[in-house]
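Okay, structure first, notes after.
What follows is calculated from the coordinates using simple rules that are stated; it is not laboratory data. Just so it is clear, the structure is predicted and the values come from calculations on it, not from any experiment. Ideal geometry is used to build each Cβ from the backbone, glycine not excepted, and the neighbour counts take in all protein chains shown.
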Amino acid sequence: MGSIFSSFKSQVKKFSEDRYYQKKGLEHLAVAEKAIFSILKTLPRHRLSTQTERLIESYAKEKLGSIKQAPYLKAYAVFQGEFKEGWIPDNYFERYVLPRTNGFHRTISDLRQLAKRILRSDEMPDLGYFVRGSWTTVEGIPMAKNQIKDYFFSSATEVIVKLNGSMRGVGFFRLNAEEFSKLREHELTDFVVQLPIRQHAWFSRFTMESVATLRITTVKPYGKPAKKMAAFMRFGRDGVDRITATSRLVVGVTAEGYLVKYSIDSNWELLTEHPDSGILWESNQIPDFDRMVKRCEELHDQEGTMEILAWDLILDEENKIQIMEWNTGYPGIVHSEMTTGPNFLETDWSDLWKNQKRIRHE
């Protein structure tokens, strides 16, 4: 009886997973097709030939297990003007890579009150936390409600509040002391209070109204040191005080820290320059890029529970590294794969679909 029940549970789980990924697959397809359409408006000569499309479809089936992996491969090829073996499609990354590499630890970065404690990093601008109805300092010392305003504003005229699980500018608040006094914290999820970051002048040249973000992706294979494998920049727009899903401009970053020629906006439109400052992306080298890479690798080695991590960081006006957050749940690779990939040739990720297929047959 036990084996029958176990088999039934396994079938139900597989059915649920298949339904979930079927729905997600349609969403991924729409994104890939939109990307291709938008990129071709700027790069019409990058339109794929029938022969190249067939090659990509064949590669997707043979190397990645399904023709469903082809649309992202085509989008990457349209951006770069050629097809390259070894790319990881975003839908493949979600279905086969993340469950294996980060497993049940994936949601840990949503709990912002744990990041500084886990990483033991002085580069995180955390001031304190509101967790399950209580206030604490970064050291975990409880604070009474009548203490918190003086505590947070003793060294700043503004603070940043980020809700747990927030992303892309949603659940982000910039508050002065008066606005903070009106905060109805019990109506919010748990959150972190951080010092505002005053970014290095190199980044402010593009726009001063929001803090740019360098995304560095590190991978720590089993038994090996962590290594940076991909990077890109996110810049905001004038008139917006944070980088949001609709205002962001994503620019690929080469291994040497140079920006690539084109940025990608939320509609996958391409630009050769920042639309507000007019500064060209290409040939601009990020200051102290290697130092920031090294620090991310050190932190990943220090906390090596998960194989792939994404770090959002920047240099401040004093040339100090500021780590805004880490991402364990969905350390996205679609922009870095499209602009500078394939970036993950040293991994075994392209074979993971075979292992999943083998497990299901057993």
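Annotations for the structure displayed:
- Neighbour cut-off at most 14 other Cβ (10 Å), DSSP loop, chymotrypsin sites (Phe, Trp or Tyr not before Pro), region 209-254: Tyr222
- Partner lysines for Lys224 [C-alpha distance under 17 Å; skip if fewer than 8 residues away on the same chain]: Lys294
- The label point for Ser66 and the one for Tyr222, both projected 7 Å from the Cα toward the Cβ, are 2.5 nm apart.
- Under Stokes-Einstein, with the Kirkwood radius over Cα pairs as Rh, the value for region 20-102 at 37 °C and 0.692 mPa s is 252 µm²/s.
- If you count Lys pairs in region 20-102 whose Cα atoms are under 24 Å apart, skipping same-chain pairs closer than 8 places in sequence, the total is 22.
- Counted by neighbouring Cβ atoms within 10 Å, the residues His274, His300, His186 run from fewest to most as His186, His274, His300.
- If you bin all the Cα-Cα distances of region 126-194 at 10 Å, starting from zero, the percentages per bin are 20, 62, 18, 0.
- Mean separation of Cα contacts under 8 Å (6+ apart) over length of the chain, as relative contact order %: 19
- Separation of region 27-62 from region 292-329 is 33 Å, based on Cα centroids.
- Neighbourhood net charge (15 Å Cβ-Cβ; Lys/Arg +1, Asp/Glu -1) for Glu318: -2
- Two-decimal Rg/Rh across region 192-338, once Rg and the Kirkwood Rh are taken from alpha-carbon atoms: 0.95
- Annotation: the residues Phe83, Phe104, sorted from fewest to most other C-beta atoms within 10 Å of their own C-beta, follow the order Phe104, Phe83.
- The local environment of Thr218, defined by Cβ-Cβ distances under 13 Å, has a net charge of 0 under the rule Lys, Arg +1 and Asp, Glu -1.
- Kirkwood hydrodynamic radius (C-alpha pairs) into Stokes-Einstein, the chain, 25 °C and 0.890 mPa s, D in µm²/s: 111
- Around Pro342: net Lys/Arg minus Asp/Glu count, Cβ-Cβ under 11 Å: -2
- When only alpha carbons are used to place a centre, region 137-216 and region 219-286 end up 23 Å from one another.
- A dipole drawn for the chain from +1 and -1 charges on Cβ atoms has a positive end, and of Met124, Ala70, Tyr151 the residue lying farthest that way is Ala70.
- Of the GluC sites (Glu not before Pro) found in region 73-121, those in coil by DSSP whose Cβ has at most 16 other Cβ atoms within 10 Å are Glu82, Glu85.
- Cross-link partners of Lys145 among lysines (Cα-Cα below 30 Å; sequence separation of 8 or more within a chain): Lys116, Lys162, Lys182
- The magnitude of the dipole of the chain, with charges of +1 and -1 set on the Cβ of Lys/Arg and Asp/Glu and taken from the Cα centre, is near 1380 debye.
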